[in-house]
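**Q** Below is the structure I would like to discuss, written out as structure tokens.
The values are calculated or read from the model by the stated rules, or taken from the named source; none is laboratory data. In this text the structure is predicted, and so the values were computed from the model without any measurement. Reconstructed Cβ throughout: ideal geometry from the backbone, glycine too, with neighbour counts over all protein chains shown.
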There are 2 protein chains.
Amino acid sequence: MAKGGKDEELILLDHWVSLFSMRVRVALAEKGITNYECKEENITILGGKSPMLLEMNPVHKQIPVLIHNSKPISESLIIVEYIDEVLMGKSGSKLLPSDPYRRSQGRFWAHFVDTKVYPPSWNIWRTKGETQEKAKADFIESLKALEDELGEKCYFGGENFGFVDVALIPFYCWFYTYEVCGNFSIEAVCPKIVAWGK
Amino acid sequence: MAKGGKDEELILLDHWVSLFSMRVRVALAEKGITNYECKEENITILGGKSPMLLEMNPVHKQIPVLIHNSKPISESLIIVEYIDEVLMGKSGSKLLPSDPYRRSQGRFWAHFVDTKVYPPSWNIWRTKGETQEKAKADFIESLKALEDELGEKCYFGGENFGFVDVALIPFYCWFYTYEVCGNFSIEAVCPKIVAWGK
């Protein structure tokens, strides 16, 4: 397993506002990997995507892309799993459990964040009226399911910050925006998730 | 690693028409695992879901669910990966490569099937007019990307039927339906994918 040390070339094609890029940055930080190059992509201006992004992710042409020794990996959760499998880092900690059943459950809940938390979150601050109300209801229902899964644990990963924590934490950074735009309190209905985020 | 033998209890909550259940059945077959119990769920009648399904997949209440020694796993690709990691089977073959970079690429393309092949495939036979034309165009664009990835290989997994093959093969079974409903030829634009399916 590589250490993510001096002999490794690591480049992250990134944008500061991306929830999905943040997962990769958090995973690298959790591993204690700091010696990577972060290339900020211009994702707001039409046609502003760099030749490197188009070459490294020709299928989706989207950030984040992690380039490890010239080989590109796309899709945030797949990148995080790759980091966990390949780069030991200074901390030596693992994001996914070694037990295969618990690993499958980690993948399940990370996938749940992508399919049940992300889509409604988008409509909370981008829409109004009925669509927004539906988005708020769906978002809360999904957070409640996650709160049940979290239970009394410190982290979704148990004692340690793990794969599901990495998947969800970028959304926590947007809770305030959701609350202001949607005029509701997340803490009132999901206190454990808010405590986890803090 | 378990062999999926007599000492293992394996139950699949299934429905014959489900593309996603088929992935699990194909993965088990590829592993040479035949001694599992298949429980057909009634997914067509409202309220017809079995107490076992509601207990084993309380979050999504959907098939497929694989229950291995009383522990449930949901989401077809997560189940397939679990099978690959845990059950050796008679064949002893692996669906995902041992090399972590190639493994990440397998996960990428399987995820691509879920996000870029499945959604338009649905609209080819369920809609008409502009929506159907858009679905056909998106579907073909996605299959072409997969055809590029397949290249001259026998399977997406190389010499052996692998993870991406398992993810995509249920859609091949529907090609004829898509062609009749959409009045187009998949083979005319993606001959390699059709040859792969055959």
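**Q** If a residue has to be aliphatic (A, V, I, L, M), in contact (Cβ under 8 Å) with a residue 40 or more places away in the chain and facing chain A (nearest Cβ under 10 Å) to count, how many in the stretch B:52-75 make the cut?
**A** The qualifying residues number 1.
**Q** Answer yes or no: is there a residue in the stretch B:118-127 that is under 26 Å from residue A:63 (Cβ atoms) and of a type outside the set (Ser, Thr, Tyr).
**A** Checked against the condition, which is being under 26 Å from residue A:63 (Cβ atoms) and of a type outside the set (Ser, Thr, Tyr), the stretch B:118-127 yields at least one hit.
**Q** Taking only the stretch A:152-181 into account, find how many residues are among the small types (Gly, Ala, Ser) and at pLDDT 95 or above.
**A** The qualifying residues number 2.
**Q** While we're looking at this one, here's another question. Of all residues being over 22 Å from residue A:115 (Cβ atoms) and surrounded by 21 or more Cβ atoms within 10 Å (Cβ to Cβ) in the stretch B:87-102, which is nearest to the other protein chains (Cβ to nearest Cβ)? Just the residue, please.
**A** Checking each candidate, the answer is B:87.
**Q** Now for a separate question. Here's a check for you: in the stretch B:11-62, which residue that is within 26 Å of residue A:145 (Cα to Cα) and hydroxyl-bearing (Ser, Thr, Tyr) is surrounded by the most Cβ atoms within 10 Å (Cβ to Cβ)?
**A** So, considering only residues that are within 26 Å of residue A:145 (Cα to Cα) and hydroxyl-bearing (Ser, Thr, Tyr), the one surrounded by the most Cβ atoms within 10 Å (Cβ to Cβ) is B:21.
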